[in-house]
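Student: Take this structure, written in structure tokens, and hold onto it; I'll ask about it next.
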Amino acid sequence: MSANQALVLAVPKGRILGELVPLLHRAGIRPEAAFADEDDRRLRFATDDPRIEIVRVRSFDVATFVAFGAAHLGVAGNDVIMEFDYPELYAPVDLGIGHCRLSVAEPAHLGAGDDPARWSHIRVATKYPAITRRHFAARGVQAECIKLSGAMELAPGLGLCQRIVDLVSSGATLTANDLVEVEVIAEVTSRLIVNRAALKTRPVEVSAWVDRFREAADAA
Ligand code: PRP
């Protein structure tokens, strides 16, 4: 990481972009036009500020790029931050975007008479095995996790398992797949994340960006 090189901000692709672009503008970052075009195949974008550029990656990979110092700053949900629990990450600002929740869901026919407090062993399909195991272990429930990368909502109907742990926003995906939410594990919003080594080696620049993101979030 040379001190003269532009800082790299990693952001997640997908539905967060609509909320992220106005926040970036408030923080003083105007990405080149291609950034807002989800069909553009580029992954690396200039901004109108030569001191910062943007890379667009999968939400889980934002945390990995920043933890390993390949990106100095990033935008990641606390679902992703909690799942990896990287010690190299510092998450100083709640950006107040990407509101959703991480929940346990199961088939509607099961949900009516089921009491999660009585579970002792469950099998769960999820993108979040670490959070899921931790959450259930804390109350003595053994959670056997089957790791999927998406489309968790299919798993109960196809007999892979009865429960899933996934993000819920409007609830439409659960409803469309005959599932009901039975427990909320965590409320989720996006946070600014920072590589701790970058904060030590380039403290003035990195702290200035942290302040600008904090002001941008407060101004919403
Ligand atoms: C997320 C999540 C659910 C869905 C929930 O997936 O995994 O499937 O959104 O949203 P809803 O409650 O408003 O229906 P997303 O569409 O972001 O795609 P992904 O599977 O690639 O993560």
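The values are calculated or read from the model by the stated rules, or taken from the named source; none is laboratory data. Keep in mind that this is a model prediction, so the values were computed, not measured. Don't worry about glycine lacking a Cβ; one is built from the backbone with ideal geometry, like all the others, and counts go over all protein chains shown.
Student: Would you check if there is a residue in the stretch 140-155 being under 16 Å from G111 (Cα atoms) and outside any helix (DSSP H, G or I)?
Tutor: Yes, there is a match, as at least one residue in the stretch 140-155 is under 16 Å from G111 (Cα atoms) and outside any helix (DSSP H, G or I).
Student: Restricting the first residue to the stretch 158-176 and requiring it to be free of Cβ contacts under 8 Å to residues at least 40 places away in the same chain, which pairs with a second residue that is in a loop (DSSP other than H, G, I, E, B) meet a Cβ separation below 9 Å and a spacing of at least six or different chains?
Tutor: Sorted first by the residue in the stretch 158-176, then by its partner, the pairs are L160/L148; C161/A155.
Student: Does the stretch 20-42 hold any residues that are out of contact with any strand residue (DSSP E or B) (no Cβ under 8 Å at 6 or more places or on another chain) and either at pLDDT 95 or above or aliphatic (A, V, I, L, M) (or both), and which are they?
Tutor: Hits for the stretch 20-42 are P22, L23, H25, R26, A27, G28, A33, A36.
Per-residue answers, yes or no, for (1) under 18 Å from A10 (Cβ atoms); (2) acidic (D, E); (3) out of contact with any helix residue (DSSP H, G or I) (no Cβ under 9 Å at 6 or more places or on another chain):
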{"site": "L23", "(1), (2), (3)": "yes, no, no"}
{"site": "R44", "(1), (2), (3)": "yes, no, yes"}
{"site": "I81", "(1), (2), (3)": "yes, no, no"}
{"site": "C100", "(1), (2), (3)": "no, no, no"}
{"site": "G111", "(1), (2), (3)": "no, no, yes"}
{"site": "D114", "(1), (2), (3)": "no, yes, yes"}
{"site": "K127", "(1), (2), (3)": "no, no, no"}
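Student: Let me ask you something else. From (1) out of contact with any Ser or Thr (no Cβ under 8 Å at 6 or more places or on another chain); (2) more than 21 Å from A63 (Cα to Cα); (3) away from the ligand (no atom under 15 Å from the Cβ); (4) of a type outside the set (S, T, Y), pick out the condition that doesn't hold for A151.
Tutor: (3)
Student: Look at R133 and say whether it is at pLDDT below 95 and either surrounded by fewer than 17 Cβ atoms within 10 Å (Cβ to Cβ) or within 28 Å of D94 (Cα to Cα) (or both).
Tutor: no
Student: Applying the selection to the stretch 45-77, what residues are more than 13 Å from Q5 (Cβ to Cβ) and assigned to a strand (DSSP E or B)?
Tutor: F45, T47, I54, V55, R56, V57, L73, G74, V75, A76, G77
Student: Looking only at the stretch 18-42, which residues are of a type in the set (A, V, I, L, M) and surrounded by 11 or more Cβ atoms within 10 Å (Cβ to Cβ)?
Tutor: Matches in the stretch 18-42: L20, V21, L23, L24, A27, I29, A34, A36.
Student: Given the structure, is R51 touching a residue at least 60 places away in the same chain (Cβ under 8 Å), more than 14 Å from V194 (Cα to Cα) and either in the same structural domain as I16 (by TED's automatic domain parsing) or in contact with a Pro (Cβ under 6 Å, 6 or more places away or on another chain) (or both)?
Tutor: Yes.
Student: Please count how many residues of the stretch 170-207 are assigned to a helix (DSSP H, G or I) and either surrounded by 13 or more Cβ atoms within 10 Å (Cβ to Cβ) or not assigned by TED's automatic domain parsing to the domain that holds G77 (or both).
Tutor: Result for the stretch 170-207: 13.
Student: Just to be sure before I move on: is F60 modelled with pLDDT of 95 or more, of a type outside the set (S, T, Y), over 16 Å from L95 (Cβ atoms) and over 20 Å from the mean Cα position of the chain (by Cα) in the structure I sent?
Tutor: When the stated conditions are applied, F60 does not pass them.
Student: Sticking with this one: Tell me the residue from A46, A105, A33 that is without any contact (Cβ under 8 Å) to a residue 60 or more places away in the chain, hydrophobic (A, V, I, L, M, F, W, C) and over 26 Å from V204 (Cα atoms), please.
Tutor: Residue meeting the stated conditions: A33.
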